[in-house]
Amino acid sequence: MKRSEALIEIDNIHKSFGDFEVLKGISLSVNEGEAVCIIGPSGSGKSTVLRCINGLLPIDEGYIRVGNHRVHELRSEKEMRPLRHQVSMVFQQYNLFPHKTALENIMMAPIQVLGHERAEVEDRARKLLEKVRLGNKADAYPGMLSGGQQQRVAIARALAMQPEIILFDEVTAALDPETVKEVLLTIRELVDDGLTCILVTHEMKFAREVADRVCFTDHGLIVENAPPADLFDNPQDPRTREFLGQVL
Amino acid sequence: MNMTFELSYEGKKRLVIGGVLAAIAAWIAVDAMAGGAEHWGRVFVRLPLLLTGQGDGWPITGGFALNILLSIASMAVATVLGTLLGISTLAQSPYLRLPAFFIMNFLRNSPWLVLLFAMLFILPFQVEVFGLRIPFPPFVKAVIGLALPTAANLSEVVRGAVQSIHSGQWEAARALGYTTPQIYRHVILPQALRRMIPGWMNLYALLTIATALATVTGIQDVLTILNTSLAMESERVLVYFYLTTLFLFFAYCYPIAIFARRLERAVKGDNI
């Protein structure tokens with residue numbers, strides 16, 4: 001049952017950690033092929049929104065639909081599986097599995113979770129490593145790679161699940177300035193390929209260049225939601241103006 | 001000319017250990033000349049009995065070899081039980097977590113000797129499953145009796161190792177669609193295993209020492225042999241037998257403890 005044609009539909013979600021209400025009624029819809037950036041001060045609930053979309057965090061109240069999945073109604077990890085197939089996630093701390101090589105990191109889930117053929121998965125994984133320009137690092141362990149390289153392996157790992165949507169959670173926040181560029185380049189290519197992306201980011205320049213839409217969150221609410229040109233050059237809300245004044 | 005020898009900490013340590021060893025060697029030499037040599041000779045003649053339970057040294061039916069076998073069998077059982085128990089104490093469901101927590105704490109706070117005695121009476125002589133008769137000889141009772149407290153202690157090692165894995169690993173695995181048992185199997189346990197090894201080895205050394213308690217089950221372990229077959233030896237000679245037995249345990253367990261400590265240092269602060 002869909003309320004709209006959007007690929008992702010979030011309606012009035014609430015989430016608290018103990019007494020602290022992180023999300024106070026967030027609503028957002030994302031169309032297929034769209035790249036949406038979420039910006040805002042830390043602690044405003046940006047990352048929490050992402051984790052609610054793929055069911056890593058259960059919401060207290062509200063409605064989330066991704067494709068045909070009503071996320072707020074899924075209860076077990078098993079029920080989540082088709083959703084996790086459709087939605088991949090890339091993390092700030094990469095979270096690669098340190099006991100597996102880059103290639104194995106990419107191949108694990110498609111084989112063990114999706115039950116795909118090993119030979120076919122390996123072929124796919126090697127192509128993805130080429131795509132993120134790490135074709136020569138297939139047998140390297142994460143500990144031997146730089147932060148930027150690890151993050152690109154993590155992106156390849158997310159892509160290997162053949163998702164329709166990728167969530168990026170401050171993926172450049174832990175990187176050196178020089179390596180940020182290579183990761184952003186990889187993400188830009190994905191957006192250009194037409195993959196639906198939601199990015200939580202502090203890279204304002206990147207958000208402006210890549211995003212179809214930018215959302216500014218503050219204190220658990222989406223304060224402003226507009227195309228980047230409008231939001232950055234002509235912010236309507238005083239809180240947006242204040243935030244942009246600080247970071248730009 | 002001013003000649004002083006600056007000794008490092010390691011150097012001093014080596015000097016002290018060397019001194020102690022030299023003192024022991026000197027005492028043994030003096031004692032041997034005062035008649036101890038004859039006693040040592042007696043120990044040497046009966047050593048095969050002490051080690052294997054047979055005067056000829058073959059076939060192996062008991063003795064110190066049985067203690068080793070018992071420690072290995074108990075550790076195998078304890079490793080399986082302890083891993084399950086440790087993971088259960090981390091379960092989300094209180095129906096799994098609370099009983100596991102209770103069992104762990106109960107076993108951890110039980111005297112090993114009492115547990116061994118209890119197993120003698122609690123476990124039946126044999127059980128019948130689908131017409132199949134499974135006997136519970138004293139050795140099996142000893143294995144279970146020693147495995148239970150070891151498993152409880154190991155579960156804490158497992159729990160600590162699992163909890164030390166960064167929460168991002170869980171998040172990433174869940175985001176890839178893994179279920180909880182799969183996450184343990186493919187992501188958490190392979191990493192936790194490395195961190196468990198030092199604790200596991202320490203426990204094994206402790207367990208080996210505790211196998212001497214199993215003499216209460218009546219198995220022909222080294223202590224039973226000391227108390228029965230060698231009971232006819234003179235009291236004076238028995239002192240030498242007991243010293244030898246203590247040394248056997250030391251010689252087997254101390255290298256394990258040393259190795260565990262070295263591994264602990266190697267594992268500390270590493271990312272894997």
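Just tell me how shielded A:75-84 is by partners: mean number of partner chain Cβ atoms within 10 Å of each residue's Cβ, no decimals. Walk me through the numbers on the way to the answer.
Values: counts 0, 2, 9, 3, 0, 4, 4, 1, 1, 5.
Per residue, the average neighbour count from other chains is 3.
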For this session: Kindly write out, for segment A:108-113 in residue order, the coupling ³J(HN,Hα) from the Karplus curve 6.51 cos²θ - 1.76 cosθ + 1.60 (θ = phi - 60°), rounded to whole Hz, with x marking Gly and Pro.
Result: 3, 5, x, 7, 7, 9
Problem set entry | Segment A:M144-A:E242, extension gain: residue separation times 0.36 nm, minus the distance between their alpha carbons | 31.1 nm
For this session: Please find the FRET efficiency linking B:A32 to B:L246, where r is the Cβ-Cβ separation and R0 is fixed at 22 Å, and quote it to the nearest 0.05.
Result: 0.75
Exercise. Quick one: helix A:177-192 against the long Cα principal axis of chain A, what's the angle to the nearest 10°, folded into 0 to 90?
Worked result: 90
Exercise. Got a sec? What order do B:K13, A:K205, B:K141 fall in by accessible area at 1.4 Å, biggest, i.e. largest, first?
Worked result: A:K205, B:K13, B:K141
For this session: Please report, as a whole percent, how much of the solvent-accessible surface of segment B:68-131 comes from carbon and sulfur atoms (probe radius 1.4 Å).
Result: 76
For this session: Among A:Q150, A:Q162, A:Q112, determine the one that fluctuates most according to a GNM of chain A built with springs between C-alpha atoms less than 10 Å apart.
Result: A:Q112
Problem set entry | Computed accessible area, B:V45, all protein chains, 1.4 angstrom probe, square angstrom | 90
For this session: First check a/c for segment B:61-268, with a ≥ b ≥ c the square roots of the eigenvalues of its C-alpha gyration tensor; if it is under 1.5, answer rounded, and if not, answer prolate when a/b is larger than b/c or oblate otherwise.
Result: oblate
For this session: Specify which residue in the list A:M144, A:L128, A:C215 is farthest towards the positive end of the charge dipole of segment A:111-248, using unit charges on the beta carbon of Lys, Arg (+1) and Asp, Glu (-1), about the Cα centre.
Result: A:M144
Seminar exercise, completed: Where a ≥ b ≥ c are root eigenvalues of the Cα gyration tensor, a/c under 1.5 meaning rounded, otherwise prolate if a/b exceeds b/c and oblate otherwise, chain A counts as oblate
For this session: With springs only between Cα atoms under 10 Å apart, run a GNM on chain A and tell me which of A:H85, A:H116, A:H219 wobbles the most.
Result: A:H116
For this session: Determine the shielding of peptide A:51-58 by partner chains: average, over its residues, the number of Cβ atoms on other chains within 10 angstrom of each Cβ.
Result: 2
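Excluding ligands, DNA and RNA, what is the solvent-accessible area per residue of the protein assembly as shown at a probe of 1.4 Å, expressed in Å²?
Per residue, the protein assembly as shown has an accessible area of 51 Å².
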Problem set entry | Of B:E233, B:E171, B:E156, the one that fluctuates the most in a GNM where chain B has Cα springs shorter than 10 Å | B:E171
Exercise. Total Å² of accessible surface buried at the B-A contact, 1.4 Å probe, nearest 100?
Worked result: 1900
Seminar exercise, completed: Using alpha carbon centers only, segment A:197-248 is separated from segment B:218-247 by a whole-angstrom value of 82
Exercise. Do you know which residues of segment A:85-109 lose at least 20 square angstrom of accessible area in the protein assembly compared with their chain on its own, with a 1.4 angstrom probe?
Worked result: A:F91, A:N95, A:F97, A:P98, A:H99, A:M108, A:A109
Exercise. Given H placed on each backbone N at 1.01 Å, which residues far from A:E224 in sequence or on other chains put an amide H within less than 5 Å of it?
Worked result: A:F216
Seminar exercise, completed: The size of the Cβ-based charge dipole (Lys, Arg +1; Asp, Glu -1) of segment B:61-268 about the Cα centre, to the nearest 20 debye, is 680
Exercise. Quick one: how many Å² of B:F250 are accessible to a 1.4 Å probe, rounded to 10?
Worked result: 110
Exercise. Given a 1.4 Å probe and every protein chain left where it sits, what share in percent of the accessible area of chain A is carbon and sulfur?
Worked result: 46
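Pull out a ≥ b ≥ c, the square roots of the eigenvalues of the alpha-carbon gyration tensor of the protein assembly as shown, then state rounded if a/c is under 1.5, prolate if not and a/b is larger than b/c, and oblate in the remaining case.
Prolate, since a/c reaches 1.5 and a/b exceeds b/c.
For the full complex of protein chains and a 1.4 angstrom probe, list A:F97, B:F259 by accessible area with the highest value first.
On the way: A:F97 0, B:F259 110 Å².
Result, largest first: B:F259, A:F97.
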Problem set entry | Selected from B:A65, B:A151, B:Y240, residue furthest toward positive end of dipole (segment B:61-268; charges at beta carbon) | B:A151
For this session: Please state the charge dipole magnitude for the protein assembly as shown, taken about the Cα centre, from unit charges on C-beta atoms (+1 on K and R, -1 on D and E), reported in debye and rounded to the nearest 20.
Result: 1360
Seminar exercise, completed: With the dipole of chain B defined by +1 on each Lys or Arg Cβ and -1 on each Asp or Glu Cβ, the option from B:A76, B:G35, B:N105 whose Cα lies farthest towards the positive pole is B:N105
Seminar exercise, completed: Rounded to the nearest 10, the angle in degrees between the Cα long axis of helix B:138-163 and the longest principal axis of the Cα atoms of chain B comes to 60
Problem set entry | Antiparallel DSSP beta bridges within the protein assembly as shown, as percent of all bridges there, nearest 5 | 55
Exercise. Any idea what the dipole of segment B:9-166 comes to, in debye rounded to 20, about its Cα centre with Lys/Arg Cβ at +1 and Asp/Glu Cβ at -1?
Worked result: 320
Exercise. Ordered by residue, what ³J(HN,Hα) values in Hz, to whole numbers, does segment B:10-17 give under the Karplus form 6.51 cos²θ - 1.76 cosθ + 1.60, where θ = phi - 60° and Gly and Pro are x?
Worked result: 4, x, 4, 4, 5, 4, 5, 4
Problem set entry | Euclidean distance between Cα centres, segment B:43-61 to segment A:122-140, Å | 61
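So between B:I258 and B:E235, what do we pick up on full extension, going 0.36 nm a residue minus the alpha carbon distance?
Going from the current span to full extension adds 4.8 nm.
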Exercise. From the cross-link list A:K24/A:K181; A:K131/A:K181; A:K78/A:K100; A:K137/A:K181; A:K127/A:K205; A:K100/A:K131, which pairs have alpha carbons spaced over 27 Å apart?
Worked result: A:K24/A:K181; A:K127/A:K205
Exercise. At what distance in angstrom do the alpha carbon centres of segment B:111-163 and segment A:41-78 lie from each other?
Worked result: 45
Seminar exercise, completed: Measure of exposure for A:Y94: accessible area at 1.4 Å probe, Å² rounded to 10, is 30
For this session: Report ³J(HN,Hα) in whole Hz for each residue of segment B:119-124, in order, from the Karplus equation J = 6.51 cos²θ - 1.76 cosθ + 1.60 where θ = phi - 60°; Gly and Pro get x.
Result: 4, 4, 9, 6, 6, x
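The values are calculated or read from the model by the stated rules, or taken from the named source; none is laboratory data. This is a predicted model, so every value here is computed, not measured. When we count neighbours, we look across all protein chains shown, and the Cβ atoms used for this are built from the backbone with ideal geometry, even at glycine. When the accessible area is computed, the model is the full protein with side chains, heavy atoms only, and any ligands, DNA or RNA have been set aside. Shrake-Rupley method; radii C 1.70, N 1.55, O 1.52, S 1.80 Å.
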